[in-house]
Amino acid sequence: MKQTLLILLICLFIDINSLDAQCKIYLPKECVEYSGNCVKGKAEGDSKAIGIDTFVGHYKAGYPDGFGRYSYANGDVYTGYFKKGKKFGKGTFVIKNAGANNTDSIIDGYWKDNIFNGKFPYPFKIISKSGYIKETSFSRDPVSSINQITLIVTSDNAGQQSISFVIPKPQLRSINIQEGSYQILNSAETQVTKNEYYLLNVIYPFKAVFNIDEEQLEVEILEPGNWKIFTKLRFKDL
């Protein structure tokens, strides 16, 4: 039978099957004081736990999960959403004395698995694409400081040998800029099955229509970085 405790509990970090265990709490570590619910031997619901750090917010199965405020022993504070004990979703992280003249540094935006993803929940999106564009994917170099976009285009039958000739690869014909800009366009068209195009010194937010052969791909990238856009066209009879 499910039991719910609404009294002040002492957090014990021992085997939950032990007779001495009262309520399992994984974060904060070395918890010494807990007030809130305990379901099936683990912290659950809106609660408060004090240990090396302090957490006030929602628990699920012993972990911060949902909205809450996590105060670190060094003075840092994260206020936002969690998933199984990790920053996940919208949140603000205040880092104590990390700014100029020992001011606090503030990181505000979206998180995933304790990693800051940026100020937008979705930093890129496909606005539209024409019928023969089969798939498009985005990636960003997490450590590069270069503002660049690499467009990689291929097709299901690019580079294959026909009866009398090699089936050509898709080519970027033009770029219609709607927002942002770039300074230089370089290309690498020596590979058998794909062409690569490099937009250098990109100004973000960047919104444009890429005209690839007779097809169109409209994209928007909101956050700066070194991005790659991979696009594949469907098989075409020639």
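The values are calculated or read from the model by the stated rules, or taken from the named source; none is laboratory data. No experiment lies behind these values; they were computed from the predicted model shown. A quick note on method: Cβ atoms are made from the backbone with ideal geometry, for glycine too, and the neighbour counts reach across all protein chains shown.
Within the set Ile126, Ile152, Ile107, the sole residue that is more than 30 Å from Lys24 (Cα to Cα), free of Cβ contacts under 8 Å to residues at least 40 places away in the same chain and outside any loop (DSSP other than H, G, I, E, B) turns out to be Ile107.
On the given criteria, is Gly131 at pLDDT 90 or above, within 30 Å of Val209 (Cα to Cα) and in a loop (DSSP other than H, G, I, E, B)? Full working, then the answer.
On the way: at pLDDT 90 or above: yes; within 30 Å of Val209 (Cα to Cα): yes; in a loop (DSSP other than H, G, I, E, B): yes.
Here the answer is yes, as Gly131 does meet what is asked.
Of these, Ala61, Ala43, Ala73, which one is closer than 26 Å to Ser105 by Cβ and either of a type in the set (A, V, I, L, M) or within 26 Å of the chain's Cα centre (by Cα) (or both)?
Numbers: Ala61 fails: closer than 26 Å to Ser105 by Cβ; Ala43 fails: closer than 26 Å to Ser105 by Cβ.
The unique qualifying residue is Ala73.
When you check Gly57 against the structure, is it at pLDDT 95 or above, in contact with a Phe, Trp or Tyr (Cβ under 8 Å, 6 or more places away or on another chain) and surrounded by fewer than 17 Cβ atoms within 10 Å (Cβ to Cβ), yes or no? Answer is no for this residue.
Against the condition under 21 Å from Glu223 (Cβ atoms) and not small (Gly, Ala, Ser), how does Glu179 come out, does it pass? Spell out how you get there, then give the answer.
Values: under 21 Å from Glu223 (Cβ atoms): yes; not small (Gly, Ala, Ser): yes.
Yes.
Looking only at residues of segment 155-176 that are surrounded by 13 or more Cβ atoms within 10 Å (Cβ to Cβ) and either at pLDDT 95 or above or basic (Lys, Arg) (or both), we find that the one that is farthest from Glu220 (Cα to Cα) is Lys169. Does segment 76-95 include one or more residues that are of a type outside the set (Ser, Thr, Tyr), at pLDDT below 90 and assigned to a loop (DSSP other than H, G, I, E, B)? No, the conditions are met nowhere in segment 76-95.
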